[in-house]
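**Student:** The structure follows.
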Amino acid sequence: MVDAPNRGQDGSGTTRENAPAVFASDPDRNAVFSIHMYDVYDTVTEVEDHLGSSVDRGLPIVVGEFGYDHSDGNPDEDAVMATARQLGLACQGWSWSGIGGGVEYLDLAAGFDADRLGGSGERRFHGPDGIRQTP
């Protein structure tokens, strides 16, 4: 898995530009690119452009992290989840539980307990394009 620069967000477009060459250099074609969608992706257009560009070029990509109302900006989590579903991509909400540093609101569950989902967890599991609604 190739993680993007800029805390995984690829705000500079480095991964987006170089992914085809990196993928072509892998004789087994088992490289996967990961993008973290936080403050750089606060509009539907930004989310669709980045993910769509990879899919259009036949590059395997996952949303390795995303969250909502992040301290660095408010990413459009609805666009992340809907676009990933529409394109058949995986996306992982960050984090399951136990994160610190003032961003505990990104935890999906309290105390690692699946029966104690927080707002982010409720959205990720039960909201539109959430885990329960997708095959």
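**Student:** Per residue of the stretch 14-21, what does 6.51 cos²θ - 1.76 cosθ + 1.60 with θ = phi - 60° give for ³J(HN,Hα)? Whole Hz please, x for Gly and Pro, Karplus curve as stated.
**Tutor:** Computed from phi, the couplings for the stretch 14-21 are 4, 5, 4, 6, 9, 4, x, 5 Hz.
**Student:** Return an integer: the convex hull volume of the alpha-carbon atoms of the stretch 1-67, in Å³ per residue. List each step's numbers first, then the result.
**Tutor:** Working: hull volume 4.8 nm³, N = 67.
It is 72 Å³ per residue.
**Student:** Quick one: grab the alpha carbon gyration tensor of the stretch 67-116, order the square roots of its eigenvalues as a ≥ b ≥ c, and give me rounded if a/c is under 1.5, else prolate or oblate depending on whether a/b is larger than b/c.
**Tutor:** Since a/c reaches 1.5 but b/c is at least a/b, the shape of the stretch 67-116 is classed as oblate.
**Student:** What is the calculated FRET efficiency for residue 17 to residue 114, with r their C-beta to C-beta distance and R₀ = 25 Å, to the nearest 0.05?
**Tutor:** The pair residue 17/residue 114 has a calculated efficiency of 0.05.
**Student:** Quick check on packing: order 79-86, 95-102 by the mean number of other C-beta atoms within 10 Å, highest mean leading.
**Tutor:** Result, highest mean first: 79-86, 95-102.
**Student:** Per residue and in Å³, how big is the convex hull formed by the alpha-carbon atoms of the stretch 7-112?
**Tutor:** Output value, Cα hull per residue: 110 Å³.
**Student:** Using the crude model of +1 on Lys and Arg Cβ and -1 on Asp and Glu Cβ, and no other charge, please compute the dipole size for the stretch 2-133 relative to its Cα centre, in debye to 20.
**Tutor:** That gives the stretch 2-133 a dipole magnitude of about 380 debye.
**Student:** Grab the other residues whose beta carbon is less than 13 angstrom from that of residue 110, score K and R as +1, D and E as -1, and report the net. Don't skip to the answer; put the middle values down first.
**Tutor:** Numbers: positive: 116; negative: 104, 107, 113, 115, 122.
Once all neighbours under 13 Å are counted, the net charge is -4.
**Student:** As a check on your grasp of the helix formula, calculate [θ] at 222 nm for the chain: sum -39500 (n - 2.57) over DSSP H runs of n ≥ 4, divide by the residue count, round to the nearest 500.
**Tutor:** The per-residue figure over the chain is -9500 deg cm²/dmol.
**Student:** Could you run the Karplus curve 6.51 cos²θ - 1.76 cosθ + 1.60 with θ = phi - 60° over the stretch 87-92 and give me ³J(HN,Hα) per residue in whole Hz, x for Gly and Pro?
**Tutor:** The phi angles translate into 8, x, 10, 7, 9, 10 Hz.
**Student:** Under the rule of at least 5 residues apart or a separate chain, name every residue whose amide H is placed under 5 Å from the amide H of residue 4.
**Tutor:** 34, 36
The numbers here are math on the coordinates, done by the rules we state, and not lab data. These numbers come from a predicted model, not from an experiment. Here the Cβ is made from the backbone with ideal geometry for all residues, glycine too, and neighbour counts use every protein chain on show.
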